[in-house]
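Worksheet for the structure shown next.
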Amino acid sequence: MEPSPSTDSNVSAANPIIFCGAGPGDPDLITVKGQQALAAADLVVYAGSLVPEALLKWTRPGCRHLSSADLHLDEMVATMADAHTAGKKVVRLHTGDPSLYGAIFEQMAKLSERGIPYTVIPGVTAAFAAAAALGIEYTLPEISQTLILTRMAGRTPVPEAETLAALAAHQATMAIYLSISMIDEMARTLGDAYGTEAVCAIVYRASQPDQKILWTPIGRLAETVREAGIKRTALVVVGRVLDVSLETLEHHSKLYDRHFAHGYRDAEKRQ
């Protein structure tokens, strides 16, 4: 995203506040651009309840680190705005990718009201770290070509058309965020859509040193989560792609089919 319009000086416009994706937790999974932003920062405001402090190793000595866990929106924006006005380089460090459950749009709106420019550096979201840990592909030919990233309604409601039951009815691959506290309801809903014998996976703290992976039939999902003592920071993955192993893979992509021609390959030459 380009920096927002600003009435500030050219110096201000050249020094936007940076919303940066920290990645799923492993400090080495931040993007190169994100690492460079941290290395240049004077102030990093990070989501302290979610972003591991190990990410702060990329900052230089003298950089101020501030957890936003105890700050409300106006306090956080005011802190970033004051530092920006003083000519400091400010990074707002969000877990995963800031565009997904990051609540960045409301921060952007507040900064825009103040005429302060901003820009966004994307990050690796937990669903992709989970897929890597599970050794799966979310989109397999003739099995599933759709990935739904969603969450259940809690303190933050969801639109009626986007309830877990409505989305699960598609039987696409799903990665469910921020919903472990409602695991009983989740298990019932997924069981109705995919069947209680269908396999699902729980990935706790994907990519981090204490990462934990649990495979279970949906019928035992709630029981498995409770037995493992998992209460937060876990993703649930469900879908028919989990039923396919390296040994049972039948359908292949046309992309690498020796008889499939495209702009970079002449099929006739490969027959």
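The values are calculated or read from the model by the stated rules, or taken from the named source; none is laboratory data. Owing to the predicted nature of the structure, the values given are computational and were not obtained by experimental measurement. Because the Cβ atoms are built from the backbone with ideal geometry, glycine has one as well, and the counts that use them run over all protein chains shown. Quick note on the areas: whole protein, heavy atoms, side chains included, nothing else; ligands and nucleic acids left out. Shrake-Rupley method; radii C 1.70, N 1.55, O 1.52, S 1.80 Å.
So the values come out like this:
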| quantity | calculated |
| --- | --- |
| Residues of the range 186-243 satisfying the condition of being in a strand (DSSP E or B) and hydroxyl-bearing (Ser, Thr, Tyr) | Tyr204, Thr216 |
| In the range 143-185, residue farthest from the chain's Cα centre (by Cα) [restricted to those that are polar (S, T, N, Q) and part of a loop (DSSP other than H, G, I, E, B)] | Gln171 |
| Residue within the range 195-205 that is within 22 Å of the chain's Cα centre (by Cα), open to solvent by 50 Å² or more (accessible area, probe 1.4 Å) and at pLDDT below 95 present | no |
| The range 41-54, residues that are surrounded by fewer than 14 Cβ atoms within 10 Å (Cβ to Cβ) and of a type in the set (Gly, Ala, Ser) | Ser49 |
| Yes/no for Ala81 being modelled with pLDDT under 95 and either under 24 Å from Val124 (Cα atoms) or assigned by the TED database to the domain that holds Arg114 (or both) | no |
| Enumeration of residues in the range 55-66 that are more than 12 Å from Val91 (Cα to Cα) and either in contact with a Cys (Cβ under 6 Å, 6 or more places away or on another chain) or surrounded by fewer than 18 Cβ atoms within 10 Å (Cβ to Cβ) (or both) | Lys57, Arg60, Pro61, Gly62 |
| Contacts under 6 angstrom Cβ, first residue in the range 49-66 being more than 17 Å from Lys33 (Cα to Cα), partner among the small types (Gly, Ala, Ser), 6 or more apart | Ser49/Ala69; Val51/Ala22; Pro52/Gly25; Cys63/Ala41 |
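Here is a yes/no grid of residues against (1) surrounded by fewer than 23 Cβ atoms within 10 Å (Cβ to Cβ); (2) touching a residue at least 60 places away in the same chain (Cβ under 8 Å); (3) in contact with a Phe, Trp or Tyr (Cβ under 7 Å, 6 or more places away or on another chain):
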{"site": "Asp70", "(1), (2), (3)": "yes, no, no"}
{"site": "Arg92", "(1), (2), (3)": "no, yes, yes"}
{"site": "Gly102", "(1), (2), (3)": "yes, yes, no"}
{"site": "Gly123", "(1), (2), (3)": "no, yes, no"}
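This table checks each residue for (1) touching a Ser or Thr at 6+ places or on another chain (Cβ under 9 Å); (2) open to solvent by 20 Å² or more (accessible area, probe 1.4 Å).
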residue: Val158; (1), (2): yes, yes
residue: Leu167; (1), (2): yes, yes
residue: Gln171; (1), (2): yes, yes
residue: Met174; (1), (2): yes, no
residue: Met182; (1), (2): no, yes
